[in-house]
Every structure is written in structure tokens, then in C-alpha cells.
Amino acid sequence: MQEYGQILPPVYDSEKIIDAEIPIAFFAANGDMTIKTKDQRWLYNLIKPVVVHYQEVNGGHLTFSSSKDVSWFS
């Protein structure tokens with residue numbers, strides 16, 4: 001409430017992501033308990049024009065921040 005003056009944050013204009021034309025590598029963890037896989041795929045499809053790499057991996061929310069050694073990832 002303090003930050004946005006409403007219960008939910010405002011909807012972000014996804015066109016700004018596409019208009020920026022910044023290449024995005026999109027990695028999604030299919031075991032993430034904070035976002036559903038269908039929502040990850042929805043976002044991917046929304047910003048697809050600027051996504052240069054998309055990969056779903058087995059893991060959770062902290063999969064990408066848990067270690068410097070991600071040799072198991074490939």
C-alpha cells in the first residue's frame with residue numbers, strides 16, 4: 001500500500017519491454033513455488049519478440065542463485 005497506493009502493484013506495460021529491443025535470455029524453473037509454469041510461459045509468449053533464448057529447467061525459485069558452479073545446468 002505504501003509503495004503503490006493500492007493493494008496490487010500497477011500492471012506493467014509489456015510493450016515497453018519489446019520496444020526497448022533489449023535481447024532477453026529467459027530461464028524458467030518448473031519447480032518454482034512462487035510462480036506457476038503456465039504464468040512463466042504466458043510471460044515468455046508476451047515478450048517473445050525480444051527473447052533470444054528460452055529454457056525451462058528442473059529446479060526451484062533459488063536454482064539460479066544457489067551456486068557459482070552450474071555445470072549441471074547444461
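Here are some notes:
So that you can scan it fast, the table gives a plain yes or no per residue for (1) within 11 Å of the chain's Cα centre (by Cα); (2) farther than 22 Å from ASP13 by Cβ; (3) modelled with pLDDT under 95:
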site	(1), (2), (3)
ILE24	yes, no, no
PHE27	yes, yes, yes
ASN30	no, yes, yes
ILE35	yes, no, yes
ASP39	yes, no, yes
VAL52	no, no, no
SER66	no, yes, yes
ASP69	no, yes, yes
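- Checking each residue in the stretch 1-33 for being assigned to a loop (DSSP other than H, G, I, E, B) and open to solvent by 100 Å² or more (accessible area, probe 1.4 Å) picks out MET1, GLN2, GLU3, TYR4, ILE7, LEU8, VAL11, TYR12, GLU21, ILE22, MET33.
- Whenever a residue of the stretch 4-22 is within 12 Å of LYS48 (Cα to Cα), its partners that are open to solvent by 70 Å² or more (accessible area, probe 1.4 Å) and in a helix (DSSP H, G or I), lying with C-beta atoms within less than 6 angstrom and at least six residues away or across chains, give the pairs ILE18/PRO49.
- Within the stretch 34-53, being open to solvent by less than 60 Å² (accessible area, probe 1.4 Å) and touching a strand residue (DSSP E or B) at 6+ places or on another chain (Cβ under 6 Å) holds for GLN40, TYR44, VAL50, VAL51.
The values are calculated or read from the model by the stated rules, or taken from the named source; none is laboratory data. It should be emphasised that the depicted structure is a prediction, and the values quoted were computed from it without experimental measurement. Positions of Cβ are generated from backbone atoms using ideal geometry, with glycine treated the same way; all protein chains shown enter the neighbour counts. Accessible surface areas use protein heavy atoms only, side chains included; no ligands, DNA or RNA. Shrake-Rupley method; radii C 1.70, N 1.55, O 1.52, S 1.80 Å.
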